[in-house]
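Following: one structure in structure tokens, then a few remarks.
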Amino acid sequence: MAETGDASRLPTSLDVLASDVHSRLEFHRYAFMDCVGIKNALHCVIEERENLQQRQNAIDQLVAEKDSLTKKNEELAAELESLKEQLQARESSDQQQGSGFQQSHSGMAHPRLMLKRKRQSGDEDVDEHELMEDLSVIDNPDQGLNTELEATRKEISDIHSKLIEGFADLSTTGGRNIALKNIGQLDDRPFLAACRKKLPAEEAQEKAKEVHRVWQGHIQNPEWNPFKTVTVEGIPKEIIDVDDDKLQGLCAAWGEGVHKAVVSCLVEIQESGRLGDRNIVPEVWNYKCKRKATHSESIEYLFGQVKRLSDAKSRTRRRLQ
């Protein structure tokens with residue numbers, strides 16, 4: 001009877017052991033899952049930290065560029081003011097000395113004429129080297145000033161290029177008053193709207209692309225010059241020729257919206273001084289005022305973006321603390 005009792009208790013012991021093993025396995029399984037979860041969370045934290053560091057580096061770089069551009073703009077403004085004062089002083093001096101200069105030189109032959117006579121007669125009393133120096137001064141009286149102006153133009157061009165690079169690095173999402181605009185690139189939206197009014201939906205998109213491509217080609221062709229010169233208060237000015245055959249044909253075929261888009265694109269090219277070179281170029285544009293943004297507006301906007309990014313970084317830091 002004792003053996004029978006021991007035998008009956010054996011399955012019960014095995015069941016308890018199996019249950020204990022199962023419990024332990026479940027514990028380790030959940031522990032492993034928790035470990036994986038912690039590892040994934042840690043990976044996310046590290047990744048977020050790297051992202052924040054990248055943002056910080058971008059902000060620091062933008063701040064440094066903004067400071068550099070601001071300083072350069074201030075220096076350039078001072079140099080331009082100095083050059084302006086020099087030009088005004090030179091004009092005033094020229095006006096005062098003009099009559100005296102003419103009187104003192106009225107009896108003298110022009111260096112070119114003296115040099116010609118010397119070479120014809122073989123006269124050795126005239127110093128050819130001195131004549132050439134005098135001739136250089138007469139032909140290029142403002143050479144030094146022109147060199148300074150050229151250097152100033154180059155600095156302005158360098159600042160302009162840096163601004164375009166800065167805006168190209170900014171996100172293009174969201175409505176912004178100041179952003180890059182491709183001058184000479186024709187807006188395709190009016191073409192699609194016009195084609196949808198005249199054609200079935202399945203044909204409108206392809207036709208819009210075709211017409212847009214043709215007129216983009218017209219705009220970039222320097223030989224097409226739909227402008228005319230008028231005089232406004234005694235000053236000649238070039239304006240769009242509303243009687244241009246191509247523009248009239250465009251308006252008749254596709255309506256005012258498409259016509260306005262082409263005219264606006266031409267005016268932007270003209271105001272940017274690129275009628276001779278119709279290539280599409282990026283420009284910092286003030287969309288609110290519908291014109292090129294000034295350097296001051298561009299720098300101020302970039303500064304605002306730096307501040308916004310800095311505030312966003314501070315908020316992110318506070319959330320992570």
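The values are calculated or read from the model by the stated rules, or taken from the named source; none is laboratory data. Nothing here was measured: the structure is a model prediction, and the numbers come from that model. Don't worry about glycine lacking a Cβ; one is built from the backbone with ideal geometry, like all the others, and counts go over all protein chains shown. To get the accessible areas, we keep the full protein, side chains included, count just its heavy atoms, and leave off ligands, DNA and RNA. Shrake-Rupley method; radii C 1.70, N 1.55, O 1.52, S 1.80 Å.
Here is how the numbers come out for the structure above:
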item	result
Residues within segment 234-286 that are farther than 30 Å from residue 168 by Cα and small (Gly, Ala, Ser), tallied	5
Candidates 207, 197, 246, 228, filtered to the one that is touching a Pro at 6+ places or on another chain (Cβ under 9 Å) and either open to solvent by 30 Å² or more (accessible area, probe 1.4 Å) or more than 22 Å from residue 266 (Cα to Cα) (or both)	246
Options 291, 308: the member that is surrounded by fewer than 17 Cβ atoms within 10 Å (Cβ to Cβ) and under 20 Å from residue 157 (Cβ atoms)	291
Pair list, Cβ under 6 Å, 6 or more apart: segment 192-213 residue part of a helix (DSSP H, G or I), other residue open to solvent by 70 Å² or more (accessible area, probe 1.4 Å)	204/196; 212/188
Residue within segment 278-286 that is modelled with pLDDT of 85 or more, under 29 Å from residue 223 (Cβ atoms) and over 16 Å from the mean Cα position of the chain (by Cα) present	yes
Any chance residue 162 is at pLDDT below 90 and open to solvent by 30 Å² or more (accessible area, probe 1.4 Å)	yes
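Per-residue answers, yes or no, for (1) surrounded by 12 or more Cβ atoms within 10 Å (Cβ to Cβ); (2) at pLDDT below 65:
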residue: 41; (1), (2): no, no
residue: 44; (1), (2): no, no
residue: 59; (1), (2): yes, no
residue: 73; (1), (2): yes, yes
